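Worksheet: one structure, shown below.
The values are calculated or read from the model by the stated rules, or taken from the named source; none is laboratory data. These numbers were taken from a predicted model, which means no experiment stands behind them. Here the Cβ positions follow ideal geometry from the backbone for every residue, glycine too, while neighbour counts run over all protein chains shown. Side chains included, ligands, DNA and RNA excluded: accessible areas come from the protein's heavy atoms. Shrake-Rupley method; radii C 1.70, N 1.55, O 1.52, S 1.80 Å.
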Amino acid sequence: MERLVESAPLELQGFNNLTKTLNFNLYDFAAARSVNERDSYVAYVNENFNRQKISAILRNIAEMIAARVLAISDQDYRPWGASSMLLLSDSIVADTPHPPQPANVPVPVSVAAHLDKSHICAHTYPDFKGEVCSFRLDISISTCGKILPLRALNYMFGAFESDVVIIDYLVRGFTRSNDGKQVYLDHDLDSIQDYLEPKILDDYACYDHNNTKANVWQTKLIRKRMNEPSYFRDEVDLNTAGAQRTLSLIKAEMEGVFHNR
């Protein structure tokens, strides 16, 4: 773990005790009809989702939710995969320089960051067996204090090309108002979709499974329109029976993840 900020012991008087946890699971799929297509997709994943790239994304998320990064731990794995973790504070100091990029290391990757009141973790889960390859990126933001992790949702959609997305959000604990009453939720929320831009909602079919009495929300999203050529690493005639069969397999994989079957 690399500590980026040296600080005195934290003052917790008047601390907001609510814990907010956002889990963001993104799935990407690709055709692997040949060794060349498979290796091309593996190279794409290793280049775009190594520990350095993931750590940079997590730092952007921290800035977006107004959190200060205190320490970073990240790791690449062989033959592929990465993870990262950040430790965060609940406020950014204006004159604090951005932390340096981690040193170059081989892929795959893992990254973690620590915050004084929260943390962000990211892990990758590649699956490169069979005629359809898949890649899953899990990002978990756990915060307390005034940080609202939902503010990072639109950025994460822009940072990754995702076919299926599953978002879970829960709030635990309680804080107290000035008059001493217990507060179990310090922000309005009917649906996670309320925090998503209209363009995202237009690109995906969405399904909510919420238990608002328990402060638990889930939104599942699946891409409405497939950009069919983008699933193939080699040039392909989409009108052939073989290409249509592969697209059908990819769509079945997407629906299987979306419906959890």
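Couple of notes before you dig in:
- Ranking of Arg78, Arg245 by solvent-accessible surface, largest first: Arg78, Arg245 (1.4 Å probe, protein heavy atoms only, all chains present).
- Using C-alpha pairs below 8 Å separated by at least 6 residues, the relative contact order for segment 134-232 is 29 percent.
- Note that segment 247-261 has calculated 3J(HN,Hα) couplings of 4, 5, 5, 5, 4, 5, 5, 4, 5, x, 5, 5, 8, 6, 9 Hz, one per residue in order, obtained from phi through the Karplus relation 6.51 cos²θ - 1.76 cosθ + 1.60 (θ = phi - 60°); glycine and proline are x.
- Rolled with a 1.4 Å probe across the full set of protein chains, the surface gives Arg223 an accessible area near 60 Å².
- Rounded to whole numbers, the Karplus 3J(HN,Hα) couplings from phi for segment 230-237 are 5, 7, 10, 7, 9, 5, 8, 8 Hz, using 6.51 cos²θ - 1.76 cosθ + 1.60 with θ = phi - 60°, and x at Gly and Pro.
- Under 15 Å, Cβ to Cβ, from Ile192 - net charge with Lys/Arg +1 and Asp/Glu -1: -3
- Ranked order, Ser34, Ser134 - accessible area, probe 1.4 Å, largest first: Ser34, Ser134
- Amide H contacts of Ser89 (H built 1.01 Å from N, under 5 Å, at least 5 apart or other chain): Arg68, Val69, Leu70, Asp116, Lys117
- Whole-Å distance, taken between Cα centres, linking segment 22-50 and segment 175-250: 20 Å
- Candidate residues Trp217, Trp80: accessible-area rank, largest first, probe 1.4 Å: Trp80, Trp217
- For segment 190-261, the list of GluC sites (Glu not before Pro) that fall in a loop by DSSP and count at most 15 other C-beta atoms within 10 angstrom reads Glu235.
- Computed E for Glu228/Glu63 - FRET, C-beta separation, R0 35 angstrom, nearest 0.05: 0.45
- Over the C-alpha trace of segment 158-261, radius of gyration and Dmax come out as 19.5, 70 angstrom.
- Rounded accessible area of Thr19 (nearest 10 Å², 1.4 Å probe): 50 Å²
- Remark: relative contact order (segment 174-261) = 18 percent; criterion is Cα-Cα distance under 8 angstrom and separation of 6 or more residues.
- Distance in nm between pseudo-label sites at Ala214 and Tyr125 (7 Å out along the Cβ direction from Cα): 2.0 nm
- Near Arg233, the amide H atoms lying under 5 Å from its own belong to Ala31; only residues 5 or more places off or on other chains count, and H is placed 1.01 Å from N.
- Only protein heavy atoms count here; under a 1.4 Å probe, Tyr184 has an accessible surface of about 110 Å².
- Whole-Hz ³J(HN,Hα) from phi, Karplus 6.51 cos²θ - 1.76 cosθ + 1.60, for segment 167-173, glycine and proline x: 10, 10, 9, 9, 10, 10, x
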